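Enquirer: The following block contains the structure, expressed as structure tokens.
The values are calculated or read from the model by the stated rules, or taken from the named source; none is laboratory data. What you see is a predicted model, and the numbers here were worked out from it, not measured in a lab. Please note: Cβ atoms are built from the backbone with ideal geometry, for glycine as well, and neighbour counts cover all protein chains shown. Protein only, heavy atoms only, side chains kept; ligands, DNA and RNA dropped before computing areas. Shrake-Rupley method; radii C 1.70, N 1.55, O 1.52, S 1.80 Å.
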Amino acid sequence: KVQTEDSVLLFVVAWTITEIIRYSFYTFSLLNHLPYLIKWARYTLFIVLYPMGVSGELLTIYAALPFVRQSGLYSISLPNKYNFSFDYYTFLILIMISYIPIFPQLYFHMLHQRRKVL
């Protein structure tokens with residue numbers, strides 16, 4: 001089962017910490033009382049947490065691929081009344097490949113934001 005993979009823990013921990021920091025940042029900003037530690041955490045901890053979360057996601061998707069292929073999970077085959085097909089296995093592979101151009105853009109954007117804010 002994919003739910004028991006260590007990679008799930010990897011991304012759940014990374015995204016949980018990220019969300020706690022992000023919503024603390026938003027809350028204190030709305031209150032016009034933003035502690036520097038929260039600001040620093042928001043613009044610094046992503047350096048480790050973002051790659052950790054993305055790695056966990058990719059490893060989890062990779063671990064799920066054999067099951068998805070064998071079971072046909074979420075796939076639609078022809079013929080059907082809509083004359084439409086969808087292969088979830090291929091979709092997951094395309095999602096994984098999309099991380100190659102997208103992750104660096106988002107990561108470097110955050111680094112740029114960090115330089116600007118801190």
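Enquirer: Thr90 accessible area, nearest 10 Å², 1.4 Å probe?
Expert: Answer for Thr90: close to 60 Å² accessible.
Enquirer: Which is farthest toward the positive dipole end of the chain among Leu45, Leu92, Thr27, measuring Cα position about the Cα centre, with Cβ charges +1 (Lys, Arg) and -1 (Asp, Glu)?
Expert: Working it through, the farthest residue towards the positive pole turns out to be Thr27.
Enquirer: What range in the chain is the longest one free of trypsin sites (Lys or Arg not before Pro) that are in a loop by DSSP and have at most 11 other Cβ atoms within 10 angstrom?
Expert: Formally, the longest exposed-site-free interval is 2-80.
Enquirer: What number comes out for accessible area per residue over the chain if the probe is 1.4 Å? Units Å², please.
Expert: Here the per-residue accessible area is 72 Å².
Enquirer: Still on this model: Decide, for the chain, between rounded, prolate and oblate: order the square roots of the alpha carbon gyration tensor eigenvalues as a ≥ b ≥ c, take rounded if a/c falls under 1.5, and otherwise choose prolate if a/b is larger than b/c, else oblate.
Expert: Cα axes put the chain in the prolate bin.
Enquirer: What dipole magnitude, in Debye to the nearest 20, does the chain give about its Cα centre under +1 on Lys/Arg Cβ and -1 on Asp/Glu Cβ?
Expert: 420 debye
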